[in-house]
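The values are calculated or read from the model by the stated rules, or taken from the named source; none is laboratory data. What you are looking at is a predicted structure, and each value in this text was computed from that prediction instead of being measured. Cβ: placed from backbone, ideal geometry, glycine included. Neighbour counts: every protein chain shown. What goes into the accessible areas is simple: the full protein's heavy atoms, side chains included, and nothing from ligands, DNA or RNA. Shrake-Rupley method; radii C 1.70, N 1.55, O 1.52, S 1.80 Å.
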Amino acid sequence: MLLTNKYTNIVNVHVTPKSGRDCLCGLEPDQKGMPLLKIKVTAPPDKGKANMAVCNLLSKSIKIPKSKINVIRGHKSRYKQVGIDCEEDKFNSWLDTCL
């Protein structure tokens, strides 16, 4: 789940756009058994609105600036990789709350 890159931490997510509310729905294993964070956002998948909503939701949840979060892969897919630039201790403690 964590990879070394430009970003300190990378998380795999599954996004459900046009949901009834914005929420983090927890971690589940994907088809390969890797952890996958499920996220629901009210924004439609139109012109990057859902991607921006994902970044905003993660920013509020982790309590870091939006500029520290970016979609790396899967801009037009429900399955994405999101880069999060924050201290590893803060990221791991946040990740524990998602369980």
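Ignoring everything except DSSP H segments at least 4 long, calculate the 222 nm mean residue ellipticity for the chain; use -39,500 (n - 2.57) per segment, divide by total residues, nearest 500.
Calculated from helices alone, the mean residue ellipticity at 222 nm is -7500 deg cm²/dmol.
May I ask for the net charge around Thr16, where only other residues with Cβ less than 10 Å from the Cβ of Thr16 are counted and Lys, Arg are +1 while Asp, Glu are -1?
Neighbour charge sum, excluding Thr16 itself: +4.
Magnitude of the Cβ-charge dipole of the chain, K/R +1 and D/E -1, about the Cα centre, nearest 20 debye?
520
Based on the mean of other Cβ atoms within 10 Å per residue, sort peptides 39-45, 59-65 so the most packed one is first.
Per-residue Cβ counts within 10 Å, averaged per peptide and sorted highest first, yield 39-45, 59-65.
If you line up the long axis of helix 49-62 against the longest principal axis of the chain, both from Cα atoms, how many degrees apart are they, to the nearest 10?
With both axes taken from Cα atoms, the answer is about 40 degrees.
Heavy atoms only, probe 1.4 Å: what % of the accessible area of the chain goes to carbon and sulfur, would you let me know?
Here it works out to 49 percent.
Per residue, how many Å² of accessible area does the chain show with a 1.4 Å probe?
About 62 Å² of surface per residue is accessible.
Compute the acute angle (0 to 90°) between the alpha-carbon long axis of helix 88-97 and the principal axis of greatest extent of the alpha-carbon atoms of the chain; round to the nearest 10°.
In the chain, helix 88-97 runs at an angle near 50 degrees to the longest axis.
Go through Ile64, Pro44, Leu95 and say which Cα lies farthest out towards the positive end of the charge dipole of the chain; charges sit on Cβ, +1 for Lys and Arg, -1 for Asp and Glu.
Pro44
Consider the candidate values (1) 16, 55, 28, 1; (2) 17, 40, 26, 13, 3, 0; (3) 16, 47, 30, 7, 1; state which one is P(r) over Cα pairs in 10 Å bins from 0, in percent computed from the structure displayed.
It is the value labelled (1).
Taking square-rooted eigenvalues a ≥ b ≥ c of the alpha carbon gyration tensor, is region 31-72 rounded, prolate or oblate, where a/c under 1.5 means rounded and, failing that, a/b exceeding b/c means prolate?
It is oblate, given that a/c is not under 1.5 and a/b is not larger than b/c.
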